[in-house]
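Engineer: Just dropping this structure here.
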């Protein structure tokens, strides 16, 4: 009887410990430097940002944000970028953030994608102008091909005249699944428990 009680206590302890794993997995480190733009745009390289664009200290989501805006006549889209280091090739990562439609110039297309997020110059997320003004979320997965990648965000792409605000840019390693480990260990403990009951 004592061995059954001890085994049951160990089984409960193991299951409780495993139940904490998802919380540990979600406590990932953001690989993006200064993705919240709370006090500056430090850590980001800028390209073709017009006089109205750039870092803004208020009205972010929350805090500050970056205004991806170029001059109306520009043929090159405004972009901010940052090199992300420390990646593990073939591992998966999630890139996410917030964007908001700001304003438009001229008579360019409003149906073509006008905002995009690229990894090493390849757009993996693109969207057309939202129907409503406000903050929207984006997210996508990326499989690393080397130990570093250039993350960039651009507006006015595809010849569109639409400018955007960006905030809360993040990149996280995708944690290993813990659910299977939880169920697997619980199953093994249960099997041992019932086997010991039969022997006892």
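Engineer: As an exercise: evaluate residue 84 against (1) under 16 Å from the mean Cα position of the chain (by Cα); (2) farther than 22 Å from residue 127 by Cβ and give the number of the one condition it does not meet.
Structural biologist: For residue 84, the exception is condition (2).
Engineer: What number of residues within segment 40-62 are surrounded by 15 or more Cβ atoms within 10 Å (Cβ to Cβ), modelled with pLDDT under 95 and within 18 Å of the chain's Cα centre (by Cα)?
Structural biologist: The total comes to 2.
Engineer: Tell me, please, whether a residue that is surrounded by fewer than 16 Cβ atoms within 10 Å (Cβ to Cβ), without any contact (Cβ under 8 Å) to a residue 40 or more places away in the chain and over 30 Å from residue 175 (Cβ atoms) can be found in segment 97-108.
Structural biologist: Start the filter on segment 97-108 by keeping residues that are surrounded by fewer than 16 Cβ atoms within 10 Å (Cβ to Cβ), which leaves 103, 106-108.
Those left that are additionally without any contact (Cβ under 8 Å) to a residue 40 or more places away in the chain: none.
Checking segment 97-108: not a single residue is surrounded by fewer than 16 Cβ atoms within 10 Å (Cβ to Cβ), without any contact (Cβ under 8 Å) to a residue 40 or more places away in the chain and over 30 Å from residue 175 (Cβ atoms).
Engineer: Taking segment 129-171 as the search range and keeping residues that are at pLDDT 95 or above and assigned to a loop (DSSP other than H, G, I, E, B), which one is surrounded by the most Cβ atoms within 10 Å (Cβ to Cβ)?
Structural biologist: My answer is 144.
Engineer: Could you tell me whether residue 37 is over 18 Å from the mean Cα position of the chain (by Cα), modelled with pLDDT of 95 or more and surrounded by 12 or more Cβ atoms within 10 Å (Cβ to Cβ)?
Structural biologist: On the way: over 18 Å from the mean Cα position of the chain (by Cα): no; modelled with pLDDT of 95 or more: yes; surrounded by 12 or more Cβ atoms within 10 Å (Cβ to Cβ): yes.
Considered against the rule, which asks whether it is over 18 Å from the mean Cα position of the chain (by Cα), modelled with pLDDT of 95 or more and surrounded by 12 or more Cβ atoms within 10 Å (Cβ to Cβ), residue 37 comes out as no.
Engineer: Condition first: farther than 21 Å from residue 29 by Cα, in contact with a helix residue (DSSP H, G or I) (Cβ under 9 Å, 6 or more places away or on another chain), in contact (Cβ under 8 Å) with a residue 60 or more places away in the chain and surrounded by 15 or more Cβ atoms within 10 Å (Cβ to Cβ). Can you find one or more residues in segment 70-77 that meet it?
Structural biologist: yes
Engineer: In segment 78-92, what residues are farther than 17 Å from residue 38 by Cα and either in contact with a helix residue (DSSP H, G or I) (Cβ under 9 Å, 6 or more places away or on another chain) or buried (at least 21 other Cβ atoms within 10 Å of the Cβ) (or both)?
Structural biologist: Correct list: 78, 79.
The values are calculated or read from the model by the stated rules, or taken from the named source; none is laboratory data. Nothing here was measured: the structure is a model prediction, and the numbers come from that model. Cβ coordinates were reconstructed from backbone atoms using ideal geometry, including for glycine residues, and neighbour counts include every protein chain displayed.
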